[in-house]
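Down below is the structure, laid out as structure tokens.
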Amino acid sequence: HLRHPRLNQHMRSAKIADIFCALWNADIKAFQAASVIKPPHYNADYLGWHQDMPDYIPLSNDRNGCIITYLCEMGPDSGGTSVVPATHRGELLPRVLTPVPGWPSYLKQRGMEGFDAAAADVVSPAFQPGDALVFHSSIYHRANSNITGESRIGLINVYQAEDCIDLTGRNRFKAADLPVTQNRQPISG
């Protein structure tokens, strides 16, 4: 998002900054920024249920969260996102990778040890262009497949409180540690 003025502007949006500054009562910095394109008839099953936080730790605290901005109509069968509310309050579950019959051997379905989606209170909202989903990086979630004949696009921005430090320099995303606000106001890029 740093390479394109409109994406950079979106990453530094006052509306988004207000949400995350209020959540953590702190200034924020970027952790990750990405555009996600789900082509027609895209099967996202391999992405499976997961938490993002295991990919991010060790951090000095857990004040890290995501916002997905949907640029198209998206829902359970058109590339939206499903979540299990309040699961960020529990433990991080070990990741499991499961071979799937008929899939190439290098492609395994991601999942979480001990998690049963059929027994969970899964929410799969329908989104309109411009809608956004905000969630903690420890929440159980999955990217849904796009069974439609049209591509679906979303913008993902992950932010953290200014005191959330990557303890081992694991984050190699281009937006890592980029200050987004100062005195709770967006910094222009």
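The values are calculated or read from the model by the stated rules, or taken from the named source; none is laboratory data. Everything quoted here is computed from the prediction, not taken from an experiment. Every residue, glycine among them, receives a Cβ derived from its backbone with ideal geometry; neighbour counts consider all protein chains shown. Quick note on the areas: whole protein, heavy atoms, side chains included, nothing else; ligands and nucleic acids left out. Shrake-Rupley method; radii C 1.70, N 1.55, O 1.52, S 1.80 Å.
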Quiz prompt | q = 0.26, 0.33 Å⁻¹: log10 I(q)/I(0) that the Debye formula gives for the range 90-131, counting C-alpha atoms only | solution = -0.92, -1.13
Quiz item: What percent of all Cα-Cα pairs in the range 63-158 falls in each 5 Å bin, counting up from 0?
Solution: 3, 12, 19, 21, 20, 16, 8, 1
Quiz item: Distance from the Cα centre of the range 104-159 to that of the range 166-181, in angstrom?
Solution: 23 Å
Exercise. For the chain, evaluate the Debye formula with one uniform point scatterer on each Cα (no solvent term) and list log10 I(q)/I(0) at q = 0.09, 0.10, 0.12, 0.14 Å⁻¹, rounded to two decimals.
Key: -0.33, -0.42, -0.60, -0.83
Practice problem: Would you please classify the overall shape of the range 1-97 from the alpha carbon gyration tensor, given that a ≥ b ≥ c denote the square roots of the eigenvalues, rounded means a/c under 1.5, and beyond that prolate means a/b larger than b/c while oblate covers the rest? | Solution: oblate
Quiz item: Packing-wise, with mean Cβ within 10 Å as the measure, how do 106-119, 154-167 rank, highest first?
Solution: 154-167, 106-119
Quiz item: Rolling a 1.4 angstrom probe over the protein heavy atoms, how many square angstrom per residue are accessible across the chain?
Solution: 53 Å²
Exercise. Enumerate the residues in the range 125-149 having an amide nitrogen under 14 Å from the point lying 7 Å beyond the Cα of H41 toward its Cβ.
Key: 146-149
Exercise. On the protein heavy atoms, probe 1.4 angstrom, tell me the percent of accessible surface of the chain carried by carbon and sulfur.
Key: 53 percent
Exercise. Could you tell me the accessible area of L71 in Å² (1.4 Å probe, neighbours in place), rounded to the nearest ten?
Key: 80 Å²
Self-check item: Per residue convex hull volume, Cα atoms of the range 104-189, in Å³
Solution: 225 Å³
Practice problem: Calculate the dipole size of the chain relative to its Cα centre from +1 charges on Lys and Arg beta carbons and -1 charges on Asp and Glu beta carbons; express the result in debye to the nearest 20. | Solution: 560 debye
Quiz item: At a probe size of 1.4 Å, how large is the accessible area of H50, to the nearest 10 Å²?
Solution: 10 Å²
Exercise. Under 1.5 on a/c is rounded, so check that first for the range 136-183, then, if it is not, pick prolate when a/b is larger than b/c and oblate when it is not; a ≥ b ≥ c are the square roots of the alpha carbon gyration tensor eigenvalues.
Key: prolate
Self-check item: Most mobile listed residue (I153, I68, I37) in the chain, GNM with C-alpha springs under 10 Å
Solution: I37
